[in-house]
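The structure appears below as structure tokens.
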Amino acid sequence: MTYNPFEFISQSDAAKAAPKAETLEDVLNWLDSDGCDLAQTVRRTYSQAVKKAARLLNRSADRIPASSMHFQSQFPNRNYDSSWGKTFSAAKRWKRNVSAAINGATGLIAEHRARRSRQDSWSSLQHVLEEIFTSGIKPTLV
């Protein structure tokens with residue numbers, strides 16, 4: 001499942017979908033649970049990436065905080081170590097997978113999706129402008 005920012009999700013659904021993981025062990029448990037709506041292949045990829053992060057830090061997953069900031073501080077973007085991946089792009093992909101797993105398990109993606117799907121005056125204005133644009137009528141300014 002890919003992230004769609006325009007998908008409507010109610011606030012109550014977002015609250016239910018936000019599990020609030022605290023450690024990488026919680027992230028792994030979320031990936032194995034029924035509450036995770038990712039495809040099996042994506043779950044497997046994310047699980048392997050999270051386990052690799054724990055192995056590289058030489059700590060068990062239940063002792064590592066589930067925080068993207070903590071992860072980025074341990075594996076900074078400007079540095080590259082061959083243990084992170086065979087190539088620089090492989091290391092970037094691995095880091096992206098770990099960050100996505102952490103963000104999904106901590107509920108950041110669900111919160112972002114809920115904010116994007118709010119029905120407010122701006123969304124009403126956008127809807128009206130889309131109707132005008134698709135109707136082919138040229139608006140005239142008075």
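The values are calculated or read from the model by the stated rules, or taken from the named source; none is laboratory data. In this text, all values refer to a predicted model and were calculated from it rather than measured experimentally. FYI the Cβ positions are ideal-geometry reconstructions off the backbone, even for glycines, and counts take in every protein chain you see.
Residues in the range 94-106: is at least one surrounded by 11 or more Cβ atoms within 10 Å (Cβ to Cβ), more than 16 Å from Val50 (Cβ to Cβ), of a type in the set (Lys, Arg) and under 19 Å from the mean Cα position of the chain (by Cα)? Break it down stepwise before answering.
Of all residues in the range 94-106, those surrounded by 11 or more Cβ atoms within 10 Å (Cβ to Cβ) come to 94-106.
Those still in the list that are more than 16 Å from Val50 (Cβ to Cβ) too: none.
Within the range 94-106, none of the residues are surrounded by 11 or more Cβ atoms within 10 Å (Cβ to Cβ), more than 16 Å from Val50 (Cβ to Cβ), of a type in the set (Lys, Arg) and under 19 Å from the mean Cα position of the chain (by Cα).
Looking only at the range 109-140, how many residues end up being part of a helix (DSSP H, G or I), under 30 Å from Ser99 (Cα atoms) and either of a type outside the set (Val, Ile, Thr) or at pLDDT below 75 (or both)? Break it down into steps so the answer makes sense when it comes.
Of the residues in the range 109-140, the ones part of a helix (DSSP H, G or I) are 109-116, 121-135.
Next, only the ones that are under 30 Å from Ser99 (Cα atoms) stay: 109-116, 123.
Of the ones still in play, those that are also either of a type outside the set (Val, Ile, Thr) or at pLDDT below 75 (or both) are 110-116, 123.
Going through the range 109-140 one residue at a time, the tally reaches 8.
What is the residue count in the range 33-80 for residues that are in contact (Cβ under 8 Å) with a residue 24 or more places away in the chain and either in a loop (DSSP other than H, G, I, E, B) or aromatic (Phe, Trp, Tyr) (or both)?
10
When both residues are 6+ apart or on different chains and their Cβ atoms are under 6 Å apart, which pairs have a first residue that lies in the range 12-32 and is under 14 Å from Asp62 (Cβ atoms) and in a helix (DSSP H, G or I), and a second that is acidic (Asp, Glu) and at pLDDT 70 or above?
Glu25/Asp62
Among the listed residues Asn79, Asn58, which satisfies the condition of being over 21 Å from the mean Cα position of the chain (by Cα), under 27 Å from Asn29 (Cβ atoms) and either of a type in the set (A, V, I, L, M) or surrounded by fewer than 11 Cβ atoms within 10 Å (Cβ to Cβ) (or both)?
Numbers: Asn79 fails: under 27 Å from Asn29 (Cβ atoms).
Result of the check over Asn79, Asn58: Asn58.
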